[in-house]
Amino acid sequence: MSLAGTALGLAMAAAAVATLAAVGSPARVRAAAVGASTAIAGAAGLVAGVAAMAGGGAAAVELPGLLPLSGVAFALDPLGGLFLAVVGGVAVAAAVYGIGYAGHGLDGRAVQASFPLFVAAMLLVPAAATVGTFLVCWELMALTSLLLVVAEHRRRAEVAQAGVWYAVMSHLGFVAILVGLLVFAGHAPDDAFGSLRAVAGQLSPAVGGVVFGATLVGFAAKAGIVPLHAWLPRAHPEAPSHVSAAMSAAMVSLGVYGIVRVGFDLLGGLPGGQRWWWLLVMGLGAVSAVYGILQAAVHTDLKRLLGYSTTENMGLVLVGVGAAGTFAAAGRDVLAGLALAAALLHVINHAAFKSLLFLAAGSVLRATGSRDLDELGGLRAGMPATTALFGLGALAASALPPGTAFVSEWLLVQSLVHGLPASGVATAVTMPVAVAAVALTAGLAVATFVKAFGVGFLAKARSPAAAKARESPATMLAGMGAAAAACVALALFPGVVLPSVGRAVAASGAGSADPVVGGAVSMRLVGVAGSLSPLLLATALLVAVVGVVATLRLVANRYARRVAPLWDCGAGPLTARMEYTATSFAEPLLRVFDDVLQPELDVDVTHHRESRYLVEAVEYRRRVPDRVERRLYRPVLAAARWWGEAGRRLATGSVHRYLGYGFYSVTALLIVLAVTR
Amino acid sequence: MVRLWQRIRRIGRVAEPAPERVSLEAGGAPLTKAAAGLAGSVQVRHVDAGSCNGCEIEIGSAFGPVYDVERYGARLVASPRHADALLVTGPVTRNMAEPLRRTYDAVPSPKLVVAVGDCARNCGVFAGAYAVVGAVGDVVPVSVEVPGCPPRPEAIVAAVRELTGR
């Protein structure tokens with residue numbers, strides 16, 4: 001048995017131990033035992049993924065007796081290994097963090113047992129090698145994450161609502177995936193991925209389109225892609241923060257895994273006629289990226305903002321995946337490989353910085369009890385480590401040079417820009433639009449994270465709770481530290497992971513192997529001109545900053561210095577009410593994108609009793625409702641409600657009536673059979 | 001564009017020559033050392049320390065198109081952080097004493113203070129009133145004083161030219 005298989009087995013064993021520990025151990029040590037075992041499971045998953053990406057032989061396990069009918073089979077290839085490693089890495093950080101976070105009401109048996117099961121299910125999804133196994137693991141992942149989302153339902157009423165949204169949407173997505181994969185498997189001798197791959201060449205384009213379309217709906221719903229994103233900004237804020245991190249950084253990425261696995265690998269043999277699939281994927285990705293970051297830019301709930309940012313990043317990943325498919329359909333393997341490598345690298349980078357950001361947001365939530373940026377501020381004094389870590393995460397998330405997302409977004413833009421000379425009207429139109437969408441997204445992301453960090457952590461505290469915030473315990477800081485270390489490593493040395501990403505790209509069958517040659521210092525694109533050295537760039541920036549500061553100090557020291565109080569218009573000390581809030585910071589953006597966001601404004605002026613000319617109070621309310629949700633979901637929900645009401649008229653509660661229904665339907669069936677036979 | 005440039009060159013300056021500088025007081029007050037350091041460009045912040053707004057109207061007039069004190073290098077600015085000089089009007093009231101002190105502190109060195117009007121110089125008709133702390137000179141050091149109730153715009157222009165040296 002290979003290293004990858006052994007490590008994955010070890011991960012499952014550790015997850016089982018963690019689940020047993022959650023059920024069996026006393027409450028005092030429960031969180032620590034579960035967290036430690038889950039972290040071991042995550043670490044083993046990380047090792048398994050890295051070993052699989054290194055190509056340590058195809059590890060395959062078949063357990064025919066485990067499930068009826070089809071049995072269970074697992075196999076690891078570099079593509080699955082990449083997602084396995086992402087899930088494992090995120091699980092380590094989240095599990096260690098969870099030990100300290102479990103304090104308030106989260107150390108119950110059910111919640112603690114669900115987390116290792118959730119991690120195990122996520123680890124098994126990319127390793128599944130048959131349709132049956134894949135669907136079982138996918139469903140297990142959905143169910144355990146649902147249990148974790150509703151963990152705090154006794155304390156807040158909104159949790160239950162978020163849970164309903166999440167349950168319904170993830171199961172509708174599951175149905176779509178089920179339909180797609182079963183239609184596919186119906187054309188193959190059995191449901192193993194290998195047999196599906198073999199018969200893909202004989203599918204008609206229509207069947208191929210149905211399979212791809214149905215699975216795309218399901219996987220896009222999991223990845224939080226517009227317009228199927230509605231569950232994401234609801235469920236992420238309400239889940240416990242380490243669960244939000246695991247969901248946002250790992251589980252959501254598995255939607256991308258599904259699209260790549262089905263679209264490139266399983267359906268890769270389908271000849272011709274696939275271009276519209278990938279143009280559709282690219283369009284969905286671009287819309288999600290821009291819409292997600294716009295919503296993130298105007299929201300003030302810190303975790304909701306991060307949830308929308310997940311939609312944005314998954315959109316960017318899908319732009320890369322769609323570009324890869326478009327290039328592959330046009331026979332340009334080099335560019336296809338580059339675009340897919342950019343997308344997969346962005347999955348890794350997103351996992352690193354989004355887990356860090358969600359964990360830091362959880363740390364703030366635990367210390368202040370608030371997720372509302374307008375009530376935070378001034379956390380730098382009380383929580384210096386969390387502030388520094390969130391700052392690092394914000395930099396990593398905002399596509400600026402020393403940041404983590406910069407590397408993968410640069411690769412993405414490179415692949416899109418070099419795709420311009422490719423033939424075809426579709427390419428000539430989509431590629432520039434995609435570049436524009438990525439650029440707009442990058443700019444708005446900077447504004448969003450400047451808002452989240454500046455308003456949330458710097459300046460003065462806006463509420464007593466924020467003023468009294470204290471630093472989180474060591475285990476939480478350790479979890480955040482692990483994610484932060486991954487962010488820094490990925491930002492400075494992307495060359496370390498690029499060969500593995502190249503092998504994953506090759507395994508997906510979308511493009512040539514090793515689209516990017518990564519050295520220790522710089523990386524160079526293969527096949528097209530372009531090279532980048534994140535390490536030298538970061539060093540140059542550091543040197544420039546130090547140089548400017550030193551020069552300013554030198555110049556300033558030549559003059560006499562005088563310490564003067566901050567200018568407050570002479571009226572006395574500045575208060576927190578004079579600061580920029582998250583709402584006011586986002587106001588210009590809201591104004592610019594008024595037509596897209598359509599905010600609801602409510603101004604109530606109460607006049608004085610004695611004169612209309614005197615104002616007693618002014619009340620100002622502003623909401624930014626999700627427009628897609630309102631336009632798309634409301635009619636569907638209304639139709640479902642109408643259908644239910646109509647059905648209720650038939651079900652009056654009378655037993656006689658129900659017996660009558662049974663009698664008449666059986667009779668009608670017999671008549672139909674008698675006539676047709 | 002070229003035609004515009006030619007026109008500008010052909011017409012040249014059409015403004016009337018600036019009036020002669022008149023000294024504020026008989027004998028001519030020497031230009032202070034600080035004013036010399038400003039090199040002819042003075043950014044002015046106006047502070048109303050309790051004025052009846054008579055002086056404000058005259059200041060507005062001095063900075064208006066008729067007297068146009070800006071042509072001598074002075075400019076009204078919106079924050080003491082940007083200013084070289086304060087133009088203070090009115091007797092200093094109790095409520096404005098502390099803000100005036102803070103404003104003075106907020107001006108970067110070197111800094112000058114012009115007390116505009118009789119009230120600013122010696123409390124004028126408000127001397128001894130309950131709400132009045134004292135003249136501007138009692139609160140912050142004053143460099144130049146402009147007499148009058150209110151002073152004529154010419155007097156204000158003369159005082160500002162004293163600072164700019166132009």
**Prompt:** Any residue at all in the stretch A:493-509 that is part of a loop (DSSP other than H, G, I, E, B) and farther than 24 Å from residue A:403 by Cα?
**Reply:** yes
**Request:** Go over the candidates A:576, A:586 one by one and state the one that is away from chain B (no Cβ under 14 Å) and at pLDDT 90 or above.
**Result:** A:586
**Message:** Can you list the helices (runs of 4 or more DSSP H) lying wholly within the stretch A:572-677 that have 3 or more residues being touching a Gly at 6+ places or on another chain (Cβ under 6 Å) and aliphatic (A, V, I, L, M)?
**Reply:** none
**Asked** In the stretch A:161-273, which helices (runs of 4 or more DSSP H) lie fully inside it and hold 1 or more residues that are touching a Ser or Thr at 6+ places or on another chain (Cβ under 6 Å)?
**Response** A:232-238, A:241-246, A:252-260
**Asked** How many of the residues in the stretch B:57-102 are closer than 14 Å to residue B:142 by Cα and either of a type outside the set (A, V, I, L, M) or assigned to a helix (DSSP H, G or I) (or both)?
**Response** 6
**Prompt:** Within the stretch A:604-624, can you find the residues that are surrounded by fewer than 11 Cβ atoms within 10 Å (Cβ to Cβ) and under 27 Å from residue A:233 (Cβ atoms)?
**Reply:** A:619, A:620, A:621, A:623
**Request:** Give the stretch A:435-471 a look and list any residue that's polar (S, T, N, Q) and part of a helix (DSSP H, G or I), or say none.
**Result:** A:441, A:448
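Listed here are the residues, each with its yes/no results for (1) surrounded by fewer than 18 Cβ atoms within 10 Å (Cβ to Cβ); (2) at pLDDT 90 or above; (3) among the small types (Gly, Ala, Ser).
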position: B:105; (1), (2), (3): yes, yes, no
position: B:109; (1), (2), (3): yes, no, yes
position: B:114; (1), (2), (3): no, yes, no
position: B:120; (1), (2), (3): no, yes, yes
position: B:132; (1), (2), (3): no, yes, no
position: B:142; (1), (2), (3): no, yes, no
position: B:150; (1), (2), (3): no, yes, no
**Item:** Yes/no for residue B:44 being closer than 28 Å to residue A:568 by Cβ, within 14 Å of chain A (Cβ to nearest Cβ) and crowded, with 19+ Cβ neighbours inside 10 Å
**Value:** no
**Message:** Being facing another protein chain (nearest Cβ under 9 Å) and out of contact with any helix residue (DSSP H, G or I) (no Cβ under 6 Å at 6 or more places or on another chain) is the filter here; which residues of the stretch B:102-117 pass it?
**Reply:** B:102, B:105, B:108, B:109
**Asked** Limited to the stretch A:551-571, what total is found for residues that are in a helix (DSSP H, G or I), hydrophobic (A, V, I, L, M, F, W, C) and either under 46 Å from the mean Cα position of the chain (by Cα) or within 14 Å of another protein chain (Cβ to nearest Cβ) (or both)?
**Response** 2
**Complete:** Note on the stretch A:377-402: residues under 23 Å from residue A:474 (Cα atoms) and part of a loop (DSSP other than H, G, I, E, B) are A:377, A:378, A:383
**Asked** How about the stretch A:483-524: which of its residues are surrounded by 22 or more Cβ atoms within 10 Å (Cβ to Cβ) and modelled with pLDDT of 90 or more?
**Response** A:483, A:484, A:486, A:487, A:490, A:491
**Asked** Do you know which residues across the stretch B:118-140 are more than 14 Å from every other protein chain (Cβ to nearest Cβ), within 30 Å of residue A:563 (Cβ to Cβ) and of a type in the set (A, V, I, L, M)?
**Response** B:120, B:133, B:135, B:136
**Prompt:** What's the number of the condition residue B:53 fails, among (1) surrounded by fewer than 23 Cβ atoms within 10 Å (Cβ to Cβ); (2) in contact (Cβ under 8 Å) with a residue 40 or more places away in the chain; (3) away from chain A (no Cβ under 13 Å)?
**Reply:** (2)
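The values are calculated or read from the model by the stated rules, or taken from the named source; none is laboratory data. Quick caveat, the model's predicted, so the values are computed rather than measured. Neighbour counts run over all protein chains shown; Cβ positions are idealised from the backbone, glycine included.
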